[in-house]
Amino acid sequence: MQMSGMLGSVHRSASWITKGASLNFLWFLCNAPLFFILADYWANNGELALGLGVPIALVPLLFFPSTAALFAVIRKWVLKEEEAVLSFFRYFKDNFVQSLIGGVFFTIVWTGWLAQAGSFPQVAMIIISIWLLAWMLFFFAFQVHFYVNVLHTIKNALIMTAMRPLFVVMIAAMAGTLFYISSIYTFLLPFCSAVVLAYIAFSFFNTFYQMRLTQKREFIKVENTEGARHIQSLLRLDTAVSKAGK
């Protein structure tokens with residue numbers, strides 16, 4: 001009986017590893033042109049043969065739709081729902097327009113920041129970059145979980161980033177660890193890095209969202225005021241726009 005349970009655990013773990021690696025590989029393939037450009041950048045001592053225009057254009061066209069699709073599949077797994085790895089392509093298509101718009105916004109933000117980052121102290125540069133990374137990751141989490149427009153998604157992700165600095169620190173620590181491991185064992189990059197970071201980011205987001213729902217429910221139970229009724233209406237709105245049933 002014990003041996004059977006151990007074999008079952010090993011089988012489930014192997015299945016999850018296989019699914020995660022397959023999903024990460026699909027994401028990596030979609031972003032292969034960007035990785036080739038990055039490799040060319042390092043090989044040419046910080047110079048781009050194609051110029052900056054090509055990678056700047058490819059980021060909203062490839063990176064953002066593929067990462068949104070990655071988060072959409074990860075969302076189902078975090079919520080303990082079955083989802084095939086190949087549904088990645090359906091989510092890529094369904095979220096393309098919203099991802100493209102969000103990608104243009106964040107590409108402008110990151111380009112502007114990186115152009116000015118050299119004039120900041122190194123510590124400030126690292127902190128602001130981490131904060132922008134967390135904002136972008138929470139943008140993907142909000143995008144795949146709610147039926148709202150891009151501006152609301154960007155705003156809500158910004159609010160969450162400001163409200164949960166501990167989440168930002170934890171995501172930064174994990175991102176730094178993954179980057180360090182991937183820089184040493186580069187063969188891992190196509191198979192685990194993006195999936196692990198997306199899983200952690202969406203798990204933090206889902207924890208935050210569930211905490212908010214619990215707080216609202218508790219407030220509604222205790223208070224019977226206009227404020228409580230207002231919060232109750234917000235709770236109904238949250239439930240209405242959530243993609244929990246999708």
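The values are calculated or read from the model by the stated rules, or taken from the named source; none is laboratory data. Not measured: the values here are computed from a predicted model. All Cβ positions, glycine included, derive from the backbone under ideal geometry; neighbour counts span all protein chains shown. Protein only, heavy atoms only, side chains kept; ligands, DNA and RNA dropped before computing areas. Shrake-Rupley method; radii C 1.70, N 1.55, O 1.52, S 1.80 Å.
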Requested in this report: Go through the residues of the stretch 83-92 one by one and say whether even a single one is open to solvent by less than 20 Å² (accessible area, probe 1.4 Å) and either under 25 Å from Arg164 (Cβ atoms) or β-branched (Val, Ile, Thr) (or both).
Outcome: no
Report summary line: Glu218 fails exactly one of (1) modelled with pLDDT of 50 or more; (2) touching a helix residue (DSSP H, G or I) at 6+ places or on another chain (Cβ under 9 Å); (3) farther than 28 Å from Ala68 by Cα, namely (2)
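Do the conditions hold for Leu178, that is, is it modelled with pLDDT of 75 or more and either part of a helix (DSSP H, G or I) or open to solvent by 60 Å² or more (accessible area, probe 1.4 Å) (or both)?
yes
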**Report entry** Residue, surrounded by the fewest Cβ atoms within 10 Å (Cβ to Cβ), within the stretch 106-161, restricted to residues that are of a type in the set (Val, Ile, Thr) and closer than 18 Å to Ala175 by Cβ
**Finding:** Val123
Query - Residue satisfying all of: in the stretch 181-202; among the hydroxyl-bearing types (Ser, Thr, Tyr) and surrounded by 14 or more Cβ atoms within 10 Å (Cβ to Cβ); modelled with the lowest pLDDT among these - result: Ser182
